[in-house]
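Okay, so here's the structure we're looking at.
Read the figures in this text as sums done on the coordinates, not as results from a lab. Worth saying up front: this structure is predicted, and the values here are computed from it rather than measured. No Cβ is skipped: glycine too gets one built from the backbone with ideal geometry, and neighbour counts run over all protein chains shown.
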Amino acid sequence: MHQTPLHPAHREAGARLVDFAGWQMPLHYGSQLEEHHAVRRDAGMFDTSHMLPIDVEGAGAREFLRGALANDVARLKTPGKALYSCLLREDGGVLDDLIVTFLREDLFRVIVNAGTALKDLGWLEGLRAKRAPALKLRPRRDLAMIAVQGPNAREKTWQALPELRAASEPLGAFFGAQAGESFIARTGYTGEDGFELLVPVETAVESWKRLAAAGVKPCGLGARDTLRLEAGMNLYGQDMDETVTPLESGLAWTVVLGDARDFVGKAGLVARKCERELTGLVLLGRGGVLRAHQKVHAAAGEGEITSGGFSPTLEQSIALARLPAGTAPGSRVRVEVRAKRLEALVVKPPFVRHGKSLIAKPRSGAPS
Amino acid sequence: MKHPNDLKYTESHEWIRIEPDGTITVGITDHAQDALGDLVFIELPELGRKLAGAEACAVVESVKAASDVYAPVAGEVVAVNDAAVEAPGDLNKDPYATWLFRIKPAAGFDAGKLLDAAAYEKSVT
C-alpha cells in the first residue's frame, strides 16, 4: 500500500484511513459532514498527492498533446493556463480525465488520477515513442499536492504561506504560477474557489501544518466525494470508464470535434452512436439515499445511477445517472432503492456552486 | 468506544435493553455508528409488524453506505423512535439514547442467547 508524503500528518490528526486505488488515504478526520460544510462555508484542504503529475518536456510538446487529448491544448495561449480533458482510446472510450497546464512552449504538465496513473503513463509513453520520440515524459513523484478549497481558501492560504501570495494573487480561474519551489493554481474539484498546490515532498508536511494552523480544516476523501458530486463533476472509474465516451458522460464541452485536428479517439467518437447521456437526479421525498448502480426507469427506457449520495448542502439525496438520450431536465424518473421505486427529478448538473444551491427545492408529489 | 454493561448485544451490531415491562428496546452500537460514519437516513419498521428473529427490519444509511438492522429476537413492533428518523445525526452523537424500535418478544425469548458487553467487544476487535 502506498502512502503519500502527508501520511504522518494524517495519522497524527487521527484520520480514518482507507485503501483508495492502492493508496492509504484519509476517509475523514472525525465527521465527513463537518468537513463538507467547512469547504462550502470557510476553507478545507485535501491531500491529493496520490494523483500523478507528468511533465511533457521538449520541442513539440504542444503538438504531441493536441494529438493525444480530446480537448485542444491550442486553447492554452497564456503560460500558466490549464485545461480539463479526457484521454481516449481509439474507439472513443475514456482512459482517464486530467488537467493539462501550459507552462512553457517546451513544457506542459498533465495531472492524472491515482488509479489510472500507470495505465496513462504507459499509454502516453506508447504514443510518444511512435509520434514524438524526442519528447520526454517525466512522472513527478517528487511533488506533493494539497487542494485548499472554500470561500476563504485563498485568504487562509496566504496567511499560512505568505510566500505564495505575490505569485497567486493575480491568478484567474484555471490559471497557475510557479512560486519558488512550489506551483500554485486556481483550480479544484469542489465547486468552490481555492488553490491546488504542488509542493516539494520534503516541505509538504510543513505546508499542511501551517495551513491547518491558519484554520484550514483537513478533509478526507468522503467529503471530497460529496463536494464533487454536488458540483456535478465526474469521478473516473465511477461515472465514466473505458466503455463510455465523453459524449455519454456530460463532457461534450471538453471535446473539440468540429475542426481539422486529429486526435486519438476522434474517429471512434464520430463513428459511435450516442444513445445515453449523463444527467443529474434529485430524489423527491425522503424514501432513502440514491447510490451507484441503482436502476433508473425513465420514459425512454432504463438507465443506471453512476454516483449517488446524500447532499449535505441540499439536505437531500442527489445522483449522477446515465439515462437514455433525450431524458430532459424537469422530467421525472423512478429509481429502484431496495424494494421500492422512488421518484426523482431529472436536473442539469451542477447542483451546487459557491455554497449555493442551483436546484429549485423540489416538492414531492407536485404535478410534473 | 463505549458499550455499556447494562445492555445486551448481537454480532450484527444491535444493542438491546430489556425493559421492566418485558419489551426490548433496540438500537445500533457505538462501534456500528463509528464504522458507518455520519448517518443521513433511517427507516424503521411499521408498528404492529411481526418479526422473525434475525429478520432485516430497519435501514440506517450514512454518507458512505446503507446497512440493515436486524430484529434481535422474534416478536411484534410496539414502538418506533420517529425522532431518530427526523434527526439521524443524533444517533452518531449518542447511539444509546437514540433507540430505533421496541419489540414485544414472542414466547420463548431467551436473553441468555444475546451477547454481553465483554463478548460483543471481543467480537468486534
Could you let me know the centre-to-centre spacing of the stretch B:76-96 and the stretch B:11-75, using Cα atoms, in angstrom? 9 Å
Contact order normalised by residue count of the stretch B:8-105, Cα under 8 Å, 6+ apart, percent: 33 percent
Count, for each residue of B:59-68, the Cβ atoms from other chains sitting within 10 Å of its Cβ, then give me the mean as a whole number. 5
Counting every Cα pair in the stretch A:1-156, what percent are over 23 Å apart? 46 percent
Quick one: which residues, 5 or more positions from A:G220 or on another chain, have an amide H under 5 Å from its amide H? H modelled 1.01 Å from N in the peptide plane, none for Pro or chain starts. A:Y29
For the stretch B:10-125, count all C-alpha to C-alpha pairs, find those more than 20 Å apart, and express that count as a whole percent of the total. 36 percent
For peptides A:322-333, A:342-353, sequence by mean Cβ density within 10 Å, most packed first: A:342-353, A:322-333
Take the alpha carbon atoms of the stretch A:260-280, find their center, do the same for the stretch A:44-93, and report the distance between the two centers in whole angstrom. 18 Å
Evaluate the relative contact order of chain A (contact order divided by residue number), counting alpha-carbon pairs under 8 angstrom at least 6 apart; express in whole percent. 18 percent
Find the Cα radius of gyration of the protein assembly as shown, compare it with 2.2 N^0.38 Å by division, and give the number to two decimals. 1.09
Treat the stretch A:69-198 as a sphere of radius equal to its Kirkwood radius over Cα pairs and apply Stokes-Einstein at 25 °C in a medium of 0.890 mPa s; give the translational diffusion coefficient in µm²/s, rounded to a whole number. 155 µm²/s
Considering only lysines 8 or more places apart in sequence, or on different chains, count the pairs in chain B whose C-alpha atoms sit under 19 Å apart. 9
Let me understand the stretch A:51-105 better: what is its radius of gyration from the alpha carbons, and its Dmax, in angstrom? 11.1, 32
Would you calculate the convex hull of the Cα atoms in the stretch A:275-357 and tell me its volume per residue in Å³? 79 Å³
The relative contact order of the stretch A:183-306, taking Cα pairs under 8 Å that sit 6 or more residues apart, comes to a percentage of 15 percent
Using all alpha carbons of the stretch A:1-90, what is the percent of pairwise distances in each 10 Å bin, ordered from the shortest bin to the longest? 13, 31, 24, 26, 6
Based on the mean of other Cβ atoms within 10 Å per residue, sort peptides A:238-244, B:104-110 so the most packed one is first. A:238-244, B:104-110
Per residue of A:74-86, how many C-beta atoms from partner chains lie within 10 Å of its own C-beta, taken as a mean? 0
Given the peptides A:254-261, A:33-40, arrange them by the average over their residues of other C-beta atoms within 10 Å, most packed first. A:33-40, A:254-261
